[in-house]
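Below: one structure, written as structure tokens.
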Amino acid sequence: MNAFRLAGDMTHLLSIILLLHKIRAMKSCAGISLRTQELYVIVFVTRYVDLSMKYYSFYNSIMKIVFLGTSISIVWYMRYHKVVKQTYNKDVDTFRHIFLILPCFVLALLINRAFTVIEVLWTFSLYLEAVAILPQLVLLQRSRNIDNLTGNYVFLLGAYRAFYLLNWIYRFFIENHQVRWIPWLSGLLQTAIYADFFYYYIKSWKNREKLKLPA
Amino acid sequence: SASTDVKDEL
């Protein structure tokens with residue numbers, strides 16, 4: 001495993017730890033989109049259906065279990081925890097899941113490497129992950145007040161994807177990795193969606209101002 | 001192997 005890939009996985013893990021810290025220690029999910037979190041559960045469940053069938057490495061299996069477990073527990077906290085659920089910005093988190101899920105599913109049926117259940121689900125998870133952050137970005141845009149934890153959470157999620165792009169470049173040139181258009185292009189789109197957020201995040205950090213996205 | 005390479009990612 002190369003350093004970019006490890007850095008990507010670690011920023012991904014760190015983003016989840018940060019969000020769980022906000023939820024468990026501060027008993028708040030203010031500014032967090034339940035829609036996006038539910039989409040991540042769907043992403044992980046559909047991508048990791050091969051968990052019980054195919055073994056890659058101990059690291060790989062553990063990370064998959066961690067991502068599945070943490071994403072499900074985050075959704076549980078936001079929906080059912082009696083204190084946390086009251087901090088959820090329900091009225092502004094109105095992005096409809098189906099507008100993302102349906103097109104991604106149709107696209108996965110049409111564009112995939114092999115027309116098998118596992119492969120279509122895997123492809124669907126890549127397409128859905130690419131756009132799953134959209135409800136969260138919409139929520140941030142509508143929020144007047146973005147706390148540091150939420151801003152850092154979204155930044156780490158974007159950083160994770162940027163590291164994966166570097167990882168693919170490294171694997172292609174150094175490890176003679178084959179061309180893989182589906183994950184590469186969806187990963188590129190996923191990273192591009194963060195571009196605007198990155199711009200305002202870095203700007204607010206440089207000017208030591210509170211993060212605010214223009215409406 | 002080459003056919004499973006991206007699948008070892010998360």
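The values are calculated or read from the model by the stated rules, or taken from the named source; none is laboratory data. Since this is a predicted model, take the numbers as computed values, not measurements. Cβ: placed from backbone, ideal geometry, glycine included. Neighbour counts: every protein chain shown.
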Among (1) assigned to a helix (DSSP H, G or I); (2) closer than 19 Å to A:Ile42 by Cβ; (3) not aliphatic (A, V, I, L, M), A:Asn152 falls short only on (2)
Condition check: surrounded by fewer than 17 Cβ atoms within 10 Å (Cβ to Cβ) and modelled with pLDDT of 95 or more. Does A:Tyr199 satisfy that? yes
Residue, farthest from B:Glu9 (Cα to Cα), within segment A:52-93, restricted to residues that are in contact (Cβ under 8 Å) with a residue 24 or more places away in the chain and of a type in the set (Gly, Ala, Ser): A:Ser73
Take A:Trp205 and tell me if it is without any contact (Cβ under 8 Å) to a residue 40 or more places away in the chain and closer than 23 Å to B:Asp5 by Cα. no
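Scanning for something in contact with a Gly (Cβ under 7 Å, 6 or more places away or on another chain) and either more than 14 Å from chain B (Cβ to nearest Cβ) or assigned to a helix (DSSP H, G or I) (or both), does segment A:115-124 turn up at least one residue?
Looking through segment A:115-124, none of the residues is in contact with a Gly (Cβ under 7 Å, 6 or more places away or on another chain) and either more than 14 Å from chain B (Cβ to nearest Cβ) or assigned to a helix (DSSP H, G or I) (or both).
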Residue in segment A:63-73 that is of a type in the set (D, E, K, R), away from chain B (no Cβ under 14 Å) and either under 15 Å from the mean Cα position of the chain (by Cα) or assigned to a helix (DSSP H, G or I) (or both) present: no
Just checking, which of A:Ile146, A:Ile182 is within 14 Å of A:Gly31 (Cα to Cα) and more than 16 Å from the chain's Cα centre (by Cα)? A:Ile146
With in contact with a helix residue (DSSP H, G or I) (Cβ under 8 Å, 6 or more places away or on another chain) and among the charged types (D, E, K, R) as the only criterion, which of A:Arg208, A:Arg161 stands out? A:Arg161
Tell me, which residue of segment A:168-202 that is assigned to a loop (DSSP other than H, G, I, E, B) and among the charged types (D, E, K, R) is nearest to the other protein chains (Cβ to nearest Cβ)? A:Arg180
